[in-house]
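Chemist: Before I ask anything, here is the structure I am working with.
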Amino acid sequence: MEPLLEVKNITKKFGGLTAVDNVSMQIFPGEVIGILGDNGAGKSTLIKVISGVYHAEAGQIFYEGRRIKISNPTEALKIGIETIYQDLALAENMNVYSNIFLGREKLKKFLGLVDVLDHDYMHSESKKVLNRLDINIPSLKNKISTLSGGERQAVAISRSIYWNAKLLIMDEPTAALGVAEQKKVLNLVKTLSSQGVSIFIISHQIHDVFSVATRLLIMRRGKKVAERITKKTSADEVVGLIVGSILGEYN
Amino acid sequence: MINYHKPKKIGISILRRWTLIFLLGEILFFGLVGTNYISLNNLQDILVASTTVLLLATGETFVIITGGIDLSVGFMVGFSSVICAKVMVNLETAGFSQVAAISIGVLAALLLGLIPGFINGFLVAKLRVPSFIATFGMYGIAYGFAEIICNNIPVHNLPSSLGTLGHGYLFYWLPGKIFSFLNKPGNLTRDELKHLIVIIPNVVVITFIFIAIFAFILAKTKFGQHTYAIGGNINAAERAGVNVKTHLIKVYMISSFFASLAGVMYVLQYITGRAPAGSARLLDAITAVVIGGASLYGGKGTIIGTVIGALIISVLEIGLVNLSIPTYNLYIAVACILIFAVLIDQFSPELIQKEEEI
Ligand SMILES: Nc1ncnc2c1ncn2[C@@H]1O[C@H](COP(=O)(O)OP(=O)(O)O)[C@@H](O)[C@H]1O
Ligand SMILES: [Mg+2]
């Protein structure tokens, strides 16, 4: 199988600081990869290179086998790379289905003359994608402002899936959530992966990452120090790699 | 099954519609206390008196929903009234027919009225000038230009047939004898004239046609949807592919279009153009929008709410006149209603939440 995304020798500097130092990795369709590392290890910077927020000084990005350049987040979105942001990019004053269709509203003719919003279509399509992802939200006509943090995240994710995201990037997705909600998000990650969506997940909660990721990538001071199959490692080893008390294969 | 939530639900829907109930209460109150308040003529007078506020507030609703404010509309009314009147006078003097002079005057005012809106929108969207400042600047500029155009004196001697349109009605009805549409029946005796019933002033008809069109646009179309999205989360809108800058420019142009339309309606009603025309109505318009449920933080508001808000103000205004209460009391009353409206909005957000088609 061909990787969905492959990055080779990515280096990103901020002035004199090398935030990401010669990192290579690949992700396959439907795979969940956990990116772990201490604060400032370069996790966010690495994924921001992939989502088009930052430009790497060196390195290459291949997507579905072709070398690509991602100059801005819109380009990343267009090819199916979607980042779920903490501020979530949802309009809180609007309801669930309006957010899922924001910018790509479905229209119908009113009296054969003017284009108006097709609420029924957008409502039922949204319902379908939410059902497909096992997401339970009482009413899709509720405004986002009435939803919990986990529900909002689920809406943001549904939105990207509906519009054919192939690679989701989740930076600390469970950070602001209660325990029950964290569980739901992790379940959602599993559902997504079973449906062929690839996911990068960054989290401080090693436990979370262990429960969903098949592979782990450990970063330290900008470098990728180790890569592990989740089943073949332990939390102890990973913590050791993160803090540097255990040396990884790339140290 | 007994629905225990029913009383609460009723309470919520009353709270949601408090403005409508308040408006009806006002009318009832003045109807009981005033003289001839609830009569066809008086109710029509209320509508005529409210056209400026209604028009300004409709345009302002769009701007406020995006999270901005348009202060320029106050003097845009005068600006457009002066252009409209001046063009009409000059064309008639130059030998144009009255119909041509009037039509071109109206068109000129409406078209030129789009320019300040474009500039406002450009400053706000592209150059990131706070809307308060950009439109406040335009407020002064519009006034200054209006005074220049009319040489500091109100424009008079407008085409005589203007009154037929501006003071006309949609229907004329002489019970049992005549029912006429748009045309005032001629050759009536004094007694017949006294009994002639006039229904719906033309200026009110025109005003509500435009309000209805834009209420539709805001509530039903993609354009309306994006207006709400920008007010709710401008970054989300941008990320979702909404062309936020162009959209904002259009929104400010809608606002200045409505202000120009108010200027034209002013000319139709008063058969003159004046630089300060309508300027006193700016705050009433913003108040109407806020009473109508919009938030100055953006993302919220409806045209129907705004219309009710505007009517609350003019019903009160005409009511005070009816009771011979000095109109400065209006300021106090309107201010209290405004603060009340904001308080209701602040303290009952979760009560008033409901499923919505936005
Ligand atoms: N925009 C930026 N400008 C300058 N330095 C930055 C910027 N973003 C991140 N850094 C630095 O790059 C390093 C890696 O940061 P980051 O990728 O956010 O780490 P992590 O997400 O692993 O905690 C840190 O030292 C951080 O201070
Ligand atoms: Mg980070």
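The values are calculated or read from the model by the stated rules, or taken from the named source; none is laboratory data. Small disclaimer: the values here were computed from a predicted structure and weren't measured. Cβ placement follows ideal geometry from the backbone for every residue including glycine, while neighbour counts extend to all protein chains displayed. What goes into the accessible areas is simple: the full protein's heavy atoms, side chains included, and nothing from ligands, DNA or RNA. Shrake-Rupley method; radii C 1.70, N 1.55, O 1.52, S 1.80 Å.
Chemist: Placing +1 at every Lys and Arg Cβ and -1 at every Asp and Glu Cβ, with all other atoms neutral, what dipole size does the stretch A:86-165 have around its Cα centre, in debye to the nearest 20?
Modeler: 160 debye
Chemist: Now a separate question. Given the C-alpha centroids of the stretch B:209-270 and the stretch A:114-130, what is the distance between them in whole angstrom?
Modeler: 23 Å
Chemist: Please work out the C-alpha center-to-center distance from the stretch B:95-153 to the stretch A:91-107 and express it in whole Å.
Modeler: Cα centroid to Cα centroid, the span is 35 Å.
Chemist: Can you pull the Rg over Rh of the stretch B:81-120, Cα-only, Kirkwood?
Modeler: Result: Rg/Rh = 1.08.
Chemist: Could you tell me how many degrees, from 0 to 90 and to the nearest 10, lie between the Cα long axis of helix A:179-194 and the main elongation axis, the longest principal axis, of the Cα atoms of chain A?
Modeler: That works out to roughly 90 degrees.
Chemist: Work out the FRET efficiency for A:A180 and B:V129 from their Cβ-Cβ distance, taking R0 = 60 Å, and round it to the nearest 0.05.
Modeler: After rounding to 0.05, the efficiency reads 0.85.
Chemist: Now, a different point. Identify all lysines with a Cα-Cα distance to B:K245 below 18 Å; exclude those on the same chain that are fewer than 8 residues away in sequence.
Modeler: The qualifying lysines are B:K126, B:K222.
Chemist: Ok, one more. Quick check on the protein assembly as shown: what are the equivalent-ellipsoid semi-axes from the Cα gyration tensor, as sqrt(5λ), descending, whole Å?
Modeler: On the way: eigenvalues 724, 148, 81 Å².
Each semi-axis is the square root of five times an eigenvalue, giving 60, 27, 20 Å.
Chemist: Distance between Cα centroids, the stretch B:26-68 to the stretch A:183-251: provide it in whole Å.
Modeler: The stretch B:26-68 and the stretch A:183-251 have Cα centres spaced 64 Å from each other.
Chemist: Let me ask something additional. Mind listing the long-range amide H neighbours of B:I69? Cut-off is under 5 Å, sequence gap 5 or more, other chains count too, H placed in the peptide plane at 1.01 Å from N.
Modeler: Amide H neighbours of B:I69, under 5 Å, 5+ apart: B:S131, B:F132.
Chemist: Measuring from label point to label point, each 7 Å out along Cα→Cβ, what is the A:E57 to B:L43 span in nm?
Modeler: 7.6 nm
Chemist: About its Cα centre, what dipole magnitude does the stretch B:166-265 give when the only charges are +1 on Lys and Arg Cβ and -1 on Asp and Glu Cβ, stated in debye to the nearest 20?
Modeler: 140 debye
Chemist: Also, quick follow-up: Mind grabbing the accessible area of B:W173 for me, 1.4 Å probe, Å², rounded to tens?
Modeler: Surface accessible to solvent at B:W173 totals approximately 100 Å².
Chemist: In the full protein assembly as shown, how much of A:M25 is accessible to a 1.4 Å probe, in Å² to the nearest 10?
Modeler: Accessible area, nearest 10 Å²: 10 Å².
Chemist: Hey, got the dipole for the stretch A:36-195? About the Cα centre, +1 on K and R Cβ, -1 on D and E Cβ, debye to the nearest 20?
Modeler: On the way: 21 positive and 17 negative charges, 92 e Å.
So the dipole magnitude of the stretch A:36-195 works out to roughly 440 debye.
Chemist: Pick out, from B:S256, B:I69, A:M219, the residue whose Cα sits farthest towards the positive end of the charge dipole of the protein assembly as shown, with +1 on the Cβ of Lys and Arg and -1 on the Cβ of Asp and Glu.
Modeler: Most positive-ward Cα: A:M219.
Chemist: Could you run the Debye sum over the Cα atoms of chain B, one equal point scatterer each and no solvent, and tell me log10 of I(q)/I(0) at q = 0.08, 0.11, 0.14 Å⁻¹, two decimals?
Modeler: Debye intensities relative to I(0), on a log10 scale: -0.43, -0.80, -1.21.
Chemist: Could you work out the mean projected area of the convex hull around the alpha carbons of the stretch A:86-165, in square nanometres to one decimal?
Modeler: Mean projected area for the stretch A:86-165: 5.5 nm², to one decimal.
Chemist: Just by accessible area at a 1.4 angstrom probe, what is the order of B:I271, B:I119, B:I332, B:I230 from largest to smallest?
Modeler: B:I332, B:I119, B:I271, B:I230
Chemist: May I ask you to derive the relative contact order of chain A, considering only C-alpha pairs under 8 Å and at least 6 residues apart, and to give it as an integer percent?
Modeler: Value for chain A: 26 percent.
Chemist: Based on the Cβ-Cβ distance from A:K232 to A:Q195, what FRET efficiency comes out when R0 is 22 Å, to the nearest 0.05?
Modeler: The computed FRET efficiency comes out at 0.30.
Chemist: Protein chains only, probe 1.4 Å: how do B:C84, B:C336 rank by accessible area, largest first?
Modeler: Sorted by accessible area, descending: B:C336, B:C84.
Chemist: Just to be sure I understand the model, the point goes 7 Å from the Cα along the line to the Cβ. What's the resulting B:D345 to A:H204 distance in nm?
Modeler: Between B:D345 and A:H204, the label points sit 3.7 nm apart.
Chemist: Which helices of chain B meet both criteria: a Cα extent of 24 Å or more along the helical axis and a mean Kyte-Doolittle score no lower than -1.0, with helices taken as whole DSSP H segments?
Modeler: B:40-65, B:73-93, B:131-149, B:202-220, B:244-270, B:303-322, B:328-347
Chemist: Using a cut-off of under 15 Å, list every residue of the stretch B:200-222 whose amide N is near the label point 7 Å from the Cα of B:L165 along the Cα-to-beta-carbon line.
Modeler: In the stretch B:200-222, the label zone of B:L165 (backbone N under 15 Å from the point 7 Å along Cα→Cβ) covers B:202-207.
Chemist: On to the next question. Measure nothing but the geometry: give the 0 to 90° angle between the long axis through the Cα atoms of A:119-132 and the longest principal axis through the Cα atoms of chain A, rounded to 10°.
Modeler: Approximately 40 degrees, to the nearest ten.
Chemist: What percent does the relative contact order of the stretch A:86-165 come to when contacts are Cα pairs within less than 8 Å and at least six residues apart?
Modeler: It rounds to 42 percent for the stretch A:86-165.
Chemist: What nm distance separates the two modelled labels at A:R104 and A:N251, each placed 7 Å from Cα along Cα→Cβ?
Modeler: Once both label points are built, they end up 4.5 nm from each other.
Chemist: Here's another thing I want to ask about it. Helix A:149-162 versus the longest principal axis of chain A: what is the Cα-based angle in degrees, 0 to 90, to the nearest 10?
Modeler: Here the helix axis deviates by roughly 80 degrees.
Chemist: Same structure again: If I compute solvent accessible area with a 1.4 Å probe over the protein chains, what percent of it on the stretch A:86-165 is carbon and sulfur?
Modeler: Using a 1.4 Å probe with all protein chains present, the stretch A:86-165 comes out at 49 percent carbon and sulfur.
Chemist: Here's another thing I want to ask about it. What ranking of B:L343, A:L217 comes out by heavy-atom accessible area, probe 1.4 Å, highest first?
Modeler: Putting B:L343, A:L217 in descending order of accessible area: B:L343, A:L217.
Chemist: Using a cut-off of 13 Å between beta-carbons, work out the net charge of the residues near B:I149 (Lys and Arg +1, Asp and Glu -1, B:I149 not included).
Modeler: Value of the local net charge: +1.
Chemist: Given the whole protein assembly as supplied and a 1.4 Å probe, what does the accessible area of A:R132 come to in Å², nearest 10?
Modeler: Per-residue accessible area (A:R132): approximately 120 Å².
Chemist: My understanding is that a pair violates if its Cα-Cα distance is over 21 Å; which of A:K78/A:K223; B:K220/B:K250; A:K128/A:K190 do that in this structure?
Modeler: Violating the 21 Å Cα-Cα cut-off are A:K78/A:K223.
Chemist: Tell me the Rg and the Dmax, in Å, that the Cα atoms of chain A produce.
Modeler: 19.2, 71
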